[in-house]
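First comes the structure, then the notes that go with it.
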Amino acid sequence: MDSNNGDKSMSLRVADFSSLPQQMLAPIEGYENTPLVSIEDAIKPLEDEILLLPARQFEVKSCLNSGNGLHIIHIKEIDPTYPLLEPVSVLPSKTSSGNDSF
């Protein structure tokens, strides 16, 4: 395909956008009765949660109640006395010979 022809079709596509029919897309099957919400409303339930990785241990360094229900907790990850997960072994990297293929 000629690159100039591709450029023409791209500019034509952008230019003819307003001439496309304005219609509602069909709902996704199984979600017909689910109300549409903004991304801000969709993540509201997650605002009060902090996700920490499993098998990690933390020490609380300080706490601050700054009012209006806002609490700031300063934590530091510590090495556990008894490891809950085995560490992942890292294989030594091979020196590059220039013949590496991906």
Which residues qualify? For ILE75, with a placed amide H closer than 5 Å and at least 5 residues away or on another chain, they are LYS61
The FRET efficiency for GLU32 and THR81, from their Cβ-Cβ distance with R0 = 41 Å and rounded to 0.05, is 0.15
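Computed from the coordinates by the stated procedures, all read-outs in this text should not be read as laboratory data. Small disclaimer: the values here were computed from a predicted structure and weren't measured. Here Cβ is always computed from backbone atoms with ideal geometry, including for glycine, and neighbour counts include all displayed protein chains.
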